[in-house]
1. Extension gain Arg100-Met1, at 0.36 nm per residue separation less the Cα-Cα distance, in nm?
2. Just to be sure I understand the model, the point goes 7 Å from the Cα along the line to the Cβ. What's the resulting Ser65 to Lys21 distance in nm?
3. Beta carbons within 10 angstrom, averaged per residue: use that to sort the peptides 43-50, 73-80, highest first.
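Just so it is clear, none of the values below were taken in a lab; they were calculated from the coordinates. Nothing here was measured: the structure is a model prediction, and the numbers come from that model. Note that each Cβ is placed from the backbone with ideal geometry, even for glycine, and that neighbours are counted across all protein chains shown.
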Amino acid sequence: MAVHPGMMVKPELKERGISQKDFAKMLGIQASHLSEVLNGKRALTTDLAMKIEDTIGLPAKALLSAQTQYDLESAKAISEDKQHETVALTIPIQDVNLLREIVRRFGWVCVF
């Protein structure tokens, strides 16, 4: 599974003892924006990748490659999810063990 580039930057900041707030100031962006990128809630842009490279030396090319791979795998997962069919089953309560086994094996959602 692909890793969001924010997950590559976060440990680097920790190792260097740089807070997210200070790093956001160094990059000239809002701390909330940086937090969203570092936590994988926002995509890394080319501009921000270049600023990160200039500031702490992480290669923008590697960060952008990670973002592209993350985007591709995320899109693929969404596409696969759309292909799954929703089926409602009613299983008699005396077969609760069977229900649990089906849920476990197939990753189904169960509502009791």
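1. Using 0.36 nm per residue and subtracting the Cα-Cα distance, I get 32.9 nm.
2. Placing both labels 7 Å beyond Cα along the Cβ direction yields 3.6 nm.
3. 43-50, 73-80
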